[in-house]
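In what follows, a single structure is set out as C-alpha cells and then discussed.
The values are calculated or read from the model by the stated rules, or taken from the named source; none is laboratory data. Every value quoted in this text rests on a predicted model; they were computed, and no experiment measured them. Note that we place each Cβ from the backbone using ideal geometry, even for glycine, and neighbour counts take in every protein chain shown. The protein model used for the area step is the full one, side chains on, heavy atoms only, and it has no ligands, DNA or RNA in it. Shrake-Rupley method; radii C 1.70, N 1.55, O 1.52, S 1.80 Å.
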Amino acid sequence: MIVGQQKPLEEIWGMIKDYKKVLVFGCNTCVAVCHQGGNKEAEILASMLKMKASQEGIAIEITNSGIERQCEHEFFEQAETIIQKADAILSTACGIGVQFMAEKYPKPIYPGLNTTFLGAVEQLGVYTERCQACGQCILGQTAGICPIARCAKRVMNGPCGGSTKGKCEINKEVDCAWQLIVDRLALLGRMDDYEKLAPIKDWSSDRAGGPRKLVREDMLNE
C-alpha cells in the first residue's frame, strides 16, 4: 500500500487560510489503512481546521467528504456537487490522488499528506517500506525480500562490507537486507541461488528513466 503522513497543521493552514470555502477530501483506500488520509481522518482534520479558523478569527466554510479512490474517474461522480461548491480542495490522498484531482478540476488542489513509501503493515501503527516500484522485480531470485527497497545501498549481489551481525551500518536497528535474504534462502534450501550473479540492472524501468506509463491495449475499447 501507499503510506503517507499528515502534514503539520500550521503548514496546511498556511495553504488554505485565504479561501472562503474549503473541502477536506479523503481517499478511503491506501492512506486510510495507515490512518492518515481516509474519510475519517478528513473529518478530523476538517474539525481541527475549523477550530484553527475560530482561533484566528477568520471566516472560512470548511466541509469534508471523501471517495474510495482519488486516482480513478469512476469514483468522483458521487462527490461532484460538493467538489464544485468548494473554492479550494485539501486532498488527504497520496501524491497521485492530488495530481489526478489537479488534472481533473480547474481549481486549487492542496496536499494534506506527505507521501512516503510503498509499505506493509508490520503491526497496527507500524508501517515499513517494502517496495520502490523499480519496474523490474527480482523477488523470485532473492527469496521474496527486496534488496532495492530494504538495502540502503541497493546492493544486488550480497551484503556490503559494512554490515555487522546482521545489521545495516547506517542504523544498527535496521536488518541487513542480504542477511535476511541469505537466511531465507537457507530456510528454503535454495542456497545455490546465492551463488548466481545478478545481471546489471536496467534502471530505465525505474523512476530514473522518467515518468512511467502502462497501457493495456486489450482494455481500451471495453
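The rows are residues; the columns are (1) loosely packed, with under 14 Cβ neighbours inside 10 Å; (2) in contact with a Lys or Arg (Cβ under 7 Å, 6 or more places away or on another chain); (3) in contact (Cβ under 8 Å) with a residue 12 or more places away in the chain.
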| residue | (1), (2), (3) |
| --- | --- |
| E173 | yes, no, no |
| V182 | no, no, yes |
| L188 | yes, no, yes |
| M191 | yes, no, no |
| Y194 | no, no, yes |
| K201 | no, no, yes |
| R207 | yes, no, yes |
| R212 | yes, no, yes |
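Among the residues of region 40-49, is any modelled with pLDDT under 95 and part of a helix (DSSP H, G or I)?
There is no residue in region 40-49 that is modelled with pLDDT under 95 and part of a helix (DSSP H, G or I).
For region 56-92, give me each residue that is surrounded by fewer than 12 Cβ atoms within 10 Å (Cβ to Cβ) and touching a Leu at 6+ places or on another chain (Cβ under 8 Å).
Within region 56-92, just K85 meets the criteria.
In region 85-111, which residues are of a type in the set (A, V, I, L, M), more than 18 Å from I60 (Cβ to Cβ) and touching a residue at least 12 places away in the same chain (Cβ under 8 Å)?
Correct list: A93, I96, V98, M101.
Residues of region 202-222 being in contact with a helix residue (DSSP H, G or I) (Cβ under 7 Å, 6 or more places away or on another chain) and either part of a loop (DSSP other than H, G, I, E, B) or among the small types (G, A, S) (or both), which ones?
Correct list: G209 only.
Condition check ((1) on the phi < 0 side of the Ramachandran plot; (2) at pLDDT 85 or above) across all residues:
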{"position": "K172", "(1), (2)": "yes, yes"}
{"position": "G189", "(1), (2)": "no, yes"}
{"position": "D193", "(1), (2)": "yes, yes"}
{"position": "P199", "(1), (2)": "yes, no"}
{"position": "R207", "(1), (2)": "yes, no"}
{"position": "R212", "(1), (2)": "yes, no"}
{"position": "V215", "(1), (2)": "yes, yes"}
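Does L113 qualify as being under 16 Å from F25 (Cβ atoms) and either out of contact with any Cys (no Cβ under 9 Å at 6 or more places or on another chain) or among the small types (G, A, S) (or both)?
Considered against the rule, which asks whether it is under 16 Å from F25 (Cβ atoms) and either out of contact with any Cys (no Cβ under 9 Å at 6 or more places or on another chain) or among the small types (G, A, S) (or both), L113 comes out as no.
Of the residues that sit in region 9-29 and are assigned to a helix (DSSP H, G or I) and charged (D, E, K, R), which one is surrounded by the most Cβ atoms within 10 Å (Cβ to Cβ)?
The qualifying residue surrounded by the most Cβ atoms within 10 Å (Cβ to Cβ) is E11.
Can you spot a residue in region 94-103 that is open to solvent by 60 Å² or more (accessible area, probe 1.4 Å) and not in a helix (DSSP H, G or I)?
no
All but one of (1) without any contact (Cβ under 8 Å) to a residue 12 or more places away in the chain; (2) more than 16 Å from S91 (Cβ to Cβ); (3) surrounded by 16 or more Cβ atoms within 10 Å (Cβ to Cβ) hold for V33; state the number of the condition that does not hold.
It is condition (1) that V33 fails.
Among (1) in contact with a Ser or Thr (Cβ under 7 Å, 6 or more places away or on another chain); (2) small (G, A, S); (3) within 30 Å of E122 (Cβ to Cβ), where does G66 come up short?
Of the numbered conditions (1) in contact with a Ser or Thr (Cβ under 7 Å, 6 or more places away or on another chain); (2) small (G, A, S); (3) within 30 Å of E122 (Cβ to Cβ), the odd one out for G66 is (1).
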